[in-house]
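K.L.:
If you scroll down you'll find the structure; I have some questions about it.
Read the figures in this text as sums done on the coordinates, not as results from a lab. Predicted model, so just to flag it, every value in this text is computed and none were measured. Neighbour counts run over all protein chains shown; Cβ positions are idealised from the backbone, glycine included.
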């Protein structure tokens, strides 16, 4: 029993789901007024967690045959036959339906519609596009950028710049993050027939320049809160330090396009996002 529970939990891609939950929580915290409505906060996170878990699980269900061809994913529950596909699909759909229902009943219609948008863009657009176009990474950044908006609209009015700022930050952050990841596993993606940018980029020139360009766009998006929200010089200094560090890692990859430098870009992008979100919350509550 415990073994099956662990397999179902693994099916949800818990690390990715956790990152989405963090961004949802940040959106809520940056949009809320004091004191924090704890029951509403809990319902928002539970709804977002279930919806994200369902989306990730159904993605693994849809891609189970391709995952079995890749070293990075061949040990997931479905490729290693720890779970049967039909129960996994039912589990995925149940999680998604419960998540949207909780958001609709206890949070609001806009967060519920945004959660539905995550499902549609992730499963109906991004997942099939991965086998047809390198633009899949750009399309796939849309569902990944929606969770903080769920948090914002759980407590805020329709017109709020914070929702747009967070969406743009998350959207542009995902691009260099996943371009670096795709370079690390370019052979895997090629074997499974996925059309990532790195697959047909033998020299790494396109990937390296895409990483540099999208990091610059990310830094610009990250500067938007300085224009219209009450953040101080602390955020500005932190943004400069985080952005400079990430750009240096990307420049090293541009000069020497090996997997070690690509991994450093990937890890630095994680540090950038977590650091930036932490700075936003600290600055907002100081």
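K.L.:
Please state, as a whole number in µm²/s, the translational diffusion coefficient that the Stokes-Einstein equation yields for segment 160-286 at 37 °C and 0.692 mPa s, with Rh defined as the Kirkwood radius across alpha carbon pairs.
P.N.:
For these conditions, the coefficient is 218 µm²/s.
K.L.:
Let me have the 222 nm mean residue ellipticity of the chain computed from DSSP H runs of 4+ only, each contributing -39500 (n - 2.57), with the sum over all residues rounded to the nearest 500.
P.N.:
It lands at -24000 deg cm²/dmol.
K.L.:
Here's a follow-up. I'd like the distance separating the alpha-carbon centroids of segment 111-168 and segment 80-95, in whole Å.
P.N.:
One Cα centre to the other: 24 Å.
K.L.:
Moving on. Label residue 120 and residue 37 with points 7 Å out from Cα along Cα→Cβ: what is the distance between them in nm?
P.N.:
2.5 nm
K.L.:
Right, something else. How high is the FRET efficiency between residue 237 and residue 263 when r is their beta carbon distance and R₀ equals 25 Å, given to the nearest 0.05?
P.N.:
Computed FRET efficiency for residue 237 and residue 263 comes out at 0.40.
K.L.:
Please check which bits of segment 102-146 a label hung off residue 65 would reach, taking the label as a point 7 Å along Cα-to-C-beta and the cut-off as backbone N under 20 Å.
P.N.:
Output list for this probe position: 123-133.
K.L.:
Which shape class, rounded, prolate or oblate, goes with the chain when its Cα gyration tensor gives a ≥ b ≥ c as root eigenvalues, a/c under 1.5 marks rounded, and past that a/b bigger than b/c marks prolate?
P.N.:
Verdict is oblate for the chain.
K.L.:
While we're looking at this one, here's another question. For segment 1-159, divide the Cα radius of gyration by the Kirkwood radius and give the resulting Rg/Rh value with two decimals.
P.N.:
Values: Rg = 16.0 Å, Rh = 16.0 Å.
That ratio is 1.00, to two decimals.
K.L.:
Could you tell me the calculated FRET efficiency between residue 213 and residue 74, based on Cβ-Cβ distance and R0 = 41 angstrom, to the nearest 0.05?
P.N.:
Once rounded, the FRET efficiency stands at 0.80.
K.L.:
Further question on the same structure: Order of 106-113, 170-177 by packing, highest average Cβ count within 10 Å first?
P.N.:
Result, highest mean Cβ count within 10 Å first: 170-177, 106-113.
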